[in-house]
1. Could you tell me whether the stretch B:53-70 includes any residue that is over 15 Å from the mean Cα position of the chain (by Cα) and more than 14 Å from chain A (Cβ to nearest Cβ)?
2. Mind telling me which of the residues B:Phe100, B:Phe147, B:Phe119 ends up being aromatic (Phe, Trp, Tyr), modelled with pLDDT of 90 or more, closer than 26 Å to B:Ile44 by Cα and out of contact with any Leu (no Cβ under 6 Å at 6 or more places or on another chain)?
3. I'm checking my understanding of the structure. Among residues of the stretch A:25-57 that are acidic (Asp, Glu) and surrounded by 15 or more Cβ atoms within 10 Å (Cβ to Cβ), which one is modelled with the highest pLDDT?
Amino acid sequence: MRQWVQDAEAAVEGKERRVLGNMIADSYADVRGNDKADIEQMLRVWFLRSGNIVLVSRIDEVTVMGDSAATVVLTAGMAGMGEGVFDLDADALRFRLELETSGDDWLLIGARWGKLKGELR
Amino acid sequence: MKLPKFESRYIILCAAALLASCATSRIAVQPPEVVLTGVQVRDIGISGQTFLLGFAVSNPNPFPLPVKNIRYTVMLDGQKFAGGETQSDFVVSARGDGEFSIGVEMDLLQSVSQLSTLFRGGLRDTIEYDLDGTLAVDIPFARPVPFSSSGVIKVRPQP
């Protein structure tokens, strides 16, 4: 699970949309109403901005349910922000990732996020 | 095989030009355009009145904008008319347009101001405005996106 988070972090920093897309299940859905295509669009916004992305994350909790489901709660922040349009905020956010595997790779099937002391949704 | 000096310089120049074109062909991310489309008197009461501010938003970018919060300040004829922050939940599609409106309640004291009275008797048909604000988008780590515009709007009296 920690390796999955590290791989995702490296893919974000490398702006590798295809790699990240392969880490998200086609059935991805979250309470905000996003599907996989919406999440890929969000990644696109991150990657279209100029400058490098440096993601700093800390895994707070990992829960594995059976052999095929897991949740990861992590705190993540961005570094290396610029001053252009759609720049990224330095404030850290908390994420709760839901993952599923059918035997090979873990895939993201849902996520909630929010401010550190706020509600995750 | 060793290339003549001229040819090797030419190849280096071509490679540099190709790299430069790759760097500049990157899609430029642009701020959305937000304009005030109208100010309408909705309700006049003893204690005050309600105005409805209409806005149009245009997203020039190749990705949709999920807007979750709007902060704005509207100046009419160079004077602050209204300002505030409102939660929202709409998406402006990629390279698309959208509309939203915000209701503004003014108490009696504000209502008797010169600006407010402009809308009562239909004294003027148009008025100049300046709009500033930010759109907060529902994208992790994305900072609120600023917007600013100026123009002229038609004054619409109470229906």
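1. no
2. Exactly one residue qualifies, and that residue is B:Phe100.
3. If we take residues in the stretch A:25-57 being acidic (Asp, Glu) and surrounded by 15 or more Cβ atoms within 10 Å (Cβ to Cβ), then A:Asp30 is modelled with the highest pLDDT.
The values are calculated or read from the model by the stated rules, or taken from the named source; none is laboratory data. Given the structure is predicted, the values throughout are model-derived calculations rather than measurements. With ideal geometry, Cβ positions are generated from the backbone for all residues, glycine too; neighbour counts draw on all protein chains shown.
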